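The values are calculated or read from the model by the stated rules, or taken from the named source; none is laboratory data. Note that the coordinates shown come from a computational prediction; the quantities given were computed from them, not determined experimentally. When we count neighbours, we look across all protein chains shown, and the Cβ atoms used for this are built from the backbone with ideal geometry, even at glycine.
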Amino acid sequence: MSSDDVRRYRENFQDEIDSADQYRAMAAGEPDEAVARVYRELAAMEDKHATFWEEKLRAANAQVPARAPSWRARVLSWTARRFGAQTILPTVAQREYKDRNSYLAHPETSGTKMVAQERTHARVLQSILVSRTTGTPGSEVARIEGRHSRFGGNALRAAVLGANDGLCSNLALVMGVAGASSASGHAVLVAGLAGLVAGAFSMAFGEWISVTSSRELAAREIGTERAEIADAPEEEREELQLIYEARGLPPDEAKELSTRLVSDPKSALDVLTREELGIDPDDLGGSPWTAAITSFFLFALGAIFPVLSFFALRGNAAVAASVLVSAIVLFLLGALISVFTRRSVWISGFRQLAIGVATAAVTFGIGRALGVALG
């Protein structure tokens with residue numbers, strides 16, 4: 001037995017002690033008894049894992065550390081007991097998700113249930129975290145949408161933000177080119193149209209990649225789940241039981257329901273992908289082509305406003321008209337965004353206006369400086 005093996009055993013032993021202590025603290029700080037019971041079951045599993053590594057240390061004639069949590073674990077446990085399990089749930093869930101496959105690299109765990117149990121921990125915590133965050137079971141825990149997903153799935157929100165991207169970026173480009181003293185109105189118009197087309201294609205391509213990647217990730221997760229149901233149905237049933245217990249079902253009913261579901265592989269896959277992964281197997285994230293085309297036209301819609309005046313005007317008049325039209329639209333977009341952020345219409349509108357105009361002023365100044373410097 002090498003010193004690296006002994007060091008690895010000690011690290012795993014300490015990690016399991018820390019996890020068990022945190023779960024017990026979360027159970028103590030959890031007002032929902034059903035969820036608290038799940039935390040205690042997770043703690044018991046971690047205690048068994050700690051015993052596994054303790055036995056490995058004894059077999060290697062190595063000193064076994066005391067079963068005492070680290071200072072980091074003590075801080076988290078104190079926080080959970082003092083302020084409730086919810087305060088550390090995101091941290092613990094993220095750690096479990098990150099380490100869910102860590103035991104695959106340890107040959108000692110081959111042939112044991114430890115790898116599957118660690119995955120169970122990650123999924124159960126994700127399920128609890130999502131239900132606490134959204135209040136709905138089986139929600140979008142694994143869904144990856146476009147770059148505006150943090151604002152929610154509302155189509156109008158996405159439309160406003162997509163048009164705003166096009167307006168701000170193309171206004172900056174147009175003002176930068178217009179700032180160069182040698183740039184003619186024709187050159188500004190060509191640059192603005194080029195920026196519109198290039199930006200729209202870039203946004204469309206980015207959205208296509210985003211949605212396609214989301215669908216591929218979801219399909220891979222469903223494939224993994226299908227294989228696990230076939231290879232380890234009992235572990236999958238235990239996962240479902242813990243999830244249902246966390247939702248408030250008594251243990252006997254949760255066990256009966258999970259047993260009935262796992263007995264039908266097709267139904268089990270449908271339920272497990274929704275409950276554990278938050279993926280709707282009938283809709284893996286929408287059409288990438290729809291997302292791409294929509295993004296293209298939304299970006300182009302916003303990007304056209306800074307260019308419009310250069311079709312009819314030239315020189316300073318065209319620049320002034322471009323800024324004026326863009327400023328009005330910027331304010332309106334900011335006002336529309338306030339519908340979703342619930343901020344003051346005036347504050348949101350003028351903030352958007354200030355940011356857009358300031359960006360345009362900076363790029364205009366850079367263009368003017370470069371035009372002078374390059375003659």
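Restricting attention to region 104-122, and to residues there that are among the aliphatic types (A, V, I, L, M) and surrounded by 15 or more Cβ atoms within 10 Å (Cβ to Cβ), which single residue is nearest to residue 51 (Cα to Cα)? Going through the qualifying residues, I end up with 114. If you scan region 104-130, which residues turn out to be of a type in the set (Gly, Ala, Ser), part of a helix (DSSP H, G or I) and either in contact with a Phe, Trp or Tyr (Cβ under 9 Å, 6 or more places away or on another chain) or farther than 22 Å from residue 36 by Cα (or both)? Result: 105, 122. Candidates 163, 194: the one that is at pLDDT 85 or above, crowded, with 21+ Cβ neighbours inside 10 Å and assigned by TED's automatic domain parsing to the domain that holds residue 315 is 163.
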